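**Q** Once you've had a glance at the structure underneath, I'll fire off some questions.
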Amino acid sequence: MGNVISIKNLTKTYGKKRGVADVSFEVQEGEIFGFIGPNGAGKSTTIRSMLGFLRFDSGSIEILGMDAVKDHERILKEVGYMPSEALFYPAMKVSEVIKYAADVRRMDCRDEAAKLCERLQVDTSKRIKELSLGNRKKVSIVCAMQHRPRLFIFDEPTSGLDPLMQNTFFELIKEYVKEGTTCMLSTHVLPEVRKHCDRAAIMREGHLIKTDTVENLIKTSVKNVKLTAEGRTEEYIFKGDINELIRDLGQKNIQNLTIEEPSLEDMFMHFYEGEEEVK
Amino acid sequence: MTAIIKQELKLNLKSLLIWALTVGGLGFICILMYTSMEGDVMEMADTFSDMGAFADAFGMSTLSIATLAGFFATEVGTVHGLGSAMFAAFFASAMLSKEEDGHTGEFLFSLPVSRGKVVTAKAITILINLIIFTAICGAFYVLGFACLGEEVPAKEMIRFLLCMLLMNIEVAAISYLISATASKTRMGLALGIALIIYTYDIMGRVIPDLKDYLFIGPFSYVNASEIFAGIAPPGGSFLLASIVIVATIVATFICYTRKDLAS
């Protein structure tokens, strides 16, 4: 499997403000790749640099074997992007927005758009200004998928979508991925990553701190320890030699103890609270 | 690119019609008022001709407002000049910045179209709108003359409308550059610039020392009284207008293709 996205040493600053620094990662063909981090971690800066909205300071971005700066327009033909805000021209009808996106692409996407609208229950006769965030998101999904792109880039796609629609959305992604599309999913909803992604990258304060399979991210030497000793209940993440943990626990008068693999949420918090940089 | 032009024309149709019907309609009413004011206008013409610099400023020393052509040039010329300049500024100043201001840029620029093509498509839209605006207003003025049973001075009218169109393009080009550099729509600034260049022209015609520098302002070549009297505009004004238009459009391209888009 080749790389669909290859980012090397991406650095972007906003004057004196931090953007992202020295970010490098790859997304492989046919995978669903999670891009995790809280607000301000640099996820959107990375995505906006990939799509040509921002001029990055240094590094290189290759998408589908093309250079993100030189082949910007060619790349966008093959990409379906869904921004986090999903804002369109308020006076336009949903059908007009969907048709406009297809027209700019010079493609007839009516069949695919109709199929997507049916699955997502999009009312195409309404005006954009009449839609809630969730319904605007659905329009955005249709615009991103109707041309059957080779790569999806979704930025916080499920915010505003009800749970049923979230399911339909991930079903759709999996159907397209089965047919060869690759998906990069930027989110801070960790259960989504755990449930749907093959690999994930974790961003912290503009730096990429870990890239691995979701399975490996959870399965590390890190343990989630929950204990009740001397009437007090404690829960913490332990990282290090397990024998040391046992020696430490042996000195306590323990009433109850659970040691388990941490959840992705625990791992995420561990990476965020940890002083050291994990590679 | 065609899809973007069509889309912009559709989105701005209502605004175009409101401005064109307002400015053209005002001009039309002004023309119709001529018959009811014909007697008074004779006396006004004599009074204005003695007002020196102020008569010069409003073109009343060049052409008698006692004739319909003179009345049209002084009254409608001012209404159209100011109205069309404000429309051009209003329209062009929002053209690019509205995408960032309304957060629609992420949708537009995720489609396979370069920023250069977007700038071109939107510039073409502005031009088409200014031409339609001028045509609608022109139709109103011709209708006004026809209602009064007067023959339209066709050559002068066409020259007047073409010069106004050129001035509108110049104001729009400056406003378009403002639109490319700002991430919020700066309509107030663009309208302010349109009013300042109008004021500059009035001042240039009132203050003798400024007369030699009148050609700098876009209003220097749209003085309707001079156009209807067959007087040539200040030397270099057309050349300077062309330079300003080309320079601002090139600057717009450079600014917009290199800037970071606001989210």
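Computed from the coordinates by the stated procedures, all read-outs in this text should not be read as laboratory data. Fair warning: this is a prediction, and the values are worked out from it, not measured in the lab. Here Cβ is always computed from backbone atoms with ideal geometry, including for glycine, and neighbour counts include all displayed protein chains.
**Q** Add -39500 (n - 2.57) for each DSSP H run of 4 or more in chain B, then divide by its residues: what number comes out at 222 nm, to the nearest 500 deg cm²/dmol?
**A** Value at 222 nm, helices only: -24500 deg cm²/dmol.
**Q** Determine ³J(HN,Hα), in whole Hz, for all residues of region B:82-97 in sequence, where each value follows from phi through the Karplus function 6.51 cos²θ - 1.76 cosθ + 1.60 and θ = phi - 60°; x replaces Gly and Pro.
**A** 5, x, 6, 5, 5, 4, 4, 5, 4, 5, 6, 5, 9, 4, 9, 5
**Q** Where does each of A:Asp155, A:Asp71, A:Asp108 land when they are ranked from fewest to most other beta-carbon atoms within 10 angstrom?
**A** On the way: A:Asp155 24, A:Asp71 17, A:Asp108 12.
Listing A:Asp155, A:Asp71, A:Asp108 from fewest to most nearby Cβ atoms yields A:Asp108, A:Asp71, A:Asp155.
**Q** Each residue of region A:233-238 in order: what ³J(HN,Hα) in whole Hz does its phi give by Karplus 6.51 cos²θ - 1.76 cosθ + 1.60, θ = phi - 60°, with x for Gly and Pro?
**A** Here the 3J(HN,Hα) series is 9, 10, 9, 8, 9, 10 Hz.
**Q** Relative to the present Cα-Cα distance, how much length would full extension add between B:Leu189 and B:Leu162 at 0.36 nm per residue of separation?
**A** That pair, B:Leu189 and B:Leu162, stretches by 7.2 nm at full extension.
**Q** I've got another one for you. Kindly rank B:244-257, A:223-236 from highest to lowest mean number of other beta carbons found within 10 Å of each residue.
**A** Going from most to least packed, we get B:244-257, A:223-236.
**Q** Explain nothing, just the number: dipole magnitude of the protein assembly as shown about its Cα centre with +1 on each Lys and Arg Cβ and -1 on each Asp and Glu Cβ, in debye rounded to the nearest 20.
**A** Using Cβ point charges on Lys, Arg, Asp and Glu, the protein assembly as shown gives about 1000 debye.
**Q** Of B:Leu68, B:Ile158, B:Gly188, which is farthest on the positive side of the dipole of region B:2-258, counting Cα position, with +1 on Lys and Arg Cβ, -1 on Asp and Glu Cβ, and the Cα centre as origin?
**A** Farthest towards the positive pole: B:Gly188.
**Q** Check cross-link reach from A:Lys16 to the lysines: straight Cα distance under 20 Å, and skip same-chain residues fewer than eight apart.
**A** Excluding near neighbours in sequence, the set is A:Lys43, B:Lys259.
**Q** What is the Cα coordinate range of the protein assembly as shown on the first, second and third principal axes, sorted by size from largest, in whole angstrom?
**A** Computed over the protein assembly as shown, the largest-to-smallest principal extents equal 112, 51, 47 Å.
**Q** Still on this structure: Please compute the length gained on full extension between A:Lys17 and A:Ala229, using 0.36 nm multiplied by the number of residues separating them and subtracting their Cα-Cα distance.
**A** Computed gain between A:Lys17 and A:Ala229 is 71.7 nm.
**Q** Would you mind ranking A:Met66, A:Met50 so that the residue whose beta carbon has the fewest other beta carbons within 10 Å leads the list?
**A** In order of increasing Cβ crowding within 10 Å: A:Met66, A:Met50.
**Q** Now for a separate question. Once you've got the Cα coordinates, tell me which of A:Lys77/A:Lys178; A:Lys17/A:Lys138; A:Lys126/B:Lys122; A:Lys99/B:Lys98; B:Lys14/B:Lys122 are over 23 Å apart.
**A** A:Lys17/A:Lys138; A:Lys126/B:Lys122
**Q** Tell me, what ³J(HN,Hα) does each residue in region B:235-244 have, in order and in whole Hz, if you take phi through Karplus 6.51 cos²θ - 1.76 cosθ + 1.60 with θ = phi - 60° and put x for Gly and Pro?
**A** Whole-Hz 3J(HN,Hα) from phi for region B:235-244: x, x, 5, 5, 4, 5, 4, 5, 5, 4.
**Q** Å³ per residue of the Cα convex hull, for region B:129-263?
**A** Hull volume normalised by residue count: 131 Å³.
**Q** Within region A:18-59, what residues put their amide N at less than 17 Å from the label point 7 Å along the Cα-to-Cβ vector of A:Asp212?
**A** Hits in region A:18-59 for A:Asp212 at 17 Å: A:25-26, A:34-37.
**Q** Where q = 0.19, 0.23 Å⁻¹, what log10 of I(q)/I(0) comes from the Debye formula for region A:26-70, counting one point per Cα?
**A** Reported log10 I(q)/I(0), two decimals: -0.69, -0.95.
**Q** Run down the lysines and flag those whose C-alpha is under 22 Å from the C-alpha of A:Lys223, throwing out any fewer than 8 positions away in its chain.
**A** Candidates past the 8-residue exclusion: A:Lys195, A:Lys210, A:Lys239, A:Lys252, A:Lys279.
**Q** Using the Cα centre of region B:2-258 as origin and beta-carbon charges of +1 (Lys, Arg) and -1 (Asp, Glu), tell me which of B:Leu130, B:Ile216, B:Gln7 is placed farthest towards the positive end of the dipole.
**A** Projecting each Cα onto the dipole axis, the largest value belongs to B:Gln7.
**Q** I would also like to ask the following. Using Cα positions and a limit of under 12 Å, work out the aspartates and glutamates in reach of A:Lys137, with same-chain residues fewer than 8 apart set aside.
**A** Here the aspartates and glutamates satisfying the reach criterion relative to A:Lys137 are A:Glu85, A:Asp155, A:Glu156, A:Asp162.
**Q** If you take the beta carbon distance between B:Glu150 and A:Glu265 as r and set R0 to 60 Å, what does 1/(1 + (r/R0)^6) give as a FRET efficiency, to the nearest 0.05? Don't jump to the answer; show the numbers that get you there.
**A** Details: r = 82 Å, r/R0 = 1.37.
Given R0 = 60 Å and the Cβ-Cβ separation, E is 0.15.
**Q** For chain A, what's the relative contact order in percent, using C-alpha pairs closer than 8 Å and at least 6 residues apart?
**A** About 21 percent, as a whole number.
**Q** For region A:1-42, just say rounded, prolate or oblate: build the C-alpha gyration tensor, square-root its eigenvalues into a ≥ b ≥ c, call rounded for a/c under 1.5, and beyond that prolate if a/b exceeds b/c, oblate if not. Can you show the working numbers first?
**A** Numbers: a/c = 4.51, a/b = 1.86, b/c = 2.43.
Oblate shape, in that a/c is at least 1.5 and b/c is the bigger or equal ratio.
**Q** How large is the charge dipole for region B:110-263, taken about the Cα centre, if only the Cβ atoms of Lys, Arg (+1) and Asp, Glu (-1) carry charge, to the nearest 20 debye?
**A** So the dipole magnitude of region B:110-263 works out to roughly 800 debye.
**Q** Given labels modelled 7 Å from the Cα in the Cβ direction, how far is it in nm from B:Ile254 to B:Lys6?
**A** 3.5
**Q** Now a separate question. Where the only charges are on Cβ atoms (+1 Lys, Arg; -1 Asp, Glu), what is the dipole of region B:2-258 about its Cα centre, to the nearest 20 debye?
**A** Here the size comes out at about 1440 debye.
**Q** Stokes-Einstein D for region B:2-258 at 10 °C, 1.306 mPa s, Kirkwood Rh over Cα pairs, in µm²/s?
**A** Answer from the Stokes-Einstein relation: 83 µm²/s.
**Q** Say the dipole of the protein assembly as shown comes from +1 at the beta carbon of Lys and Arg and -1 at that of Asp and Glu; which of A:Val104, A:Phe35, A:Thr182 then lies farthest toward its positive end?
**A** Working it through, the farthest residue towards the positive pole turns out to be A:Thr182.
**Q** Averaged over peptide B:107-120, how many Cβ atoms belonging to another chain are found within 10 Å of each residue's Cβ?
**A** 6
**Q** Okay, next question. I need the peptides B:184-194, A:251-261, A:93-103 ranked by packing, meaning the mean over residues of other C-beta atoms within 10 angstrom, with the highest value on top. List each step's numbers first, then the result.
**A** Numbers: B:184-194: 18.0, A:251-261: 11.0, A:93-103: 20.8.
Descending mean neighbour count gives A:93-103, B:184-194, A:251-261.
**Q** Scaled to the compact-protein estimate 2.2 N^0.38 Å, what is the alpha-carbon radius of gyration of chain A, rounded to two decimal places?
**A** This ratio for chain A stands at 1.15.
**Q** Fewest Cβ neighbours within 10 Å first, please rank B:Ile136, B:Ile4 accordingly.
**A** Neighbour counts put them in this order, fewest first: B:Ile136, B:Ile4.
**Q** Can I ask one more? Given an 8 Å cut-off on Cα distances and at least 6 residues of separation, report the relative contact order of chain B as a percent.
**A** Reported as a whole number, the value is 29 percent.
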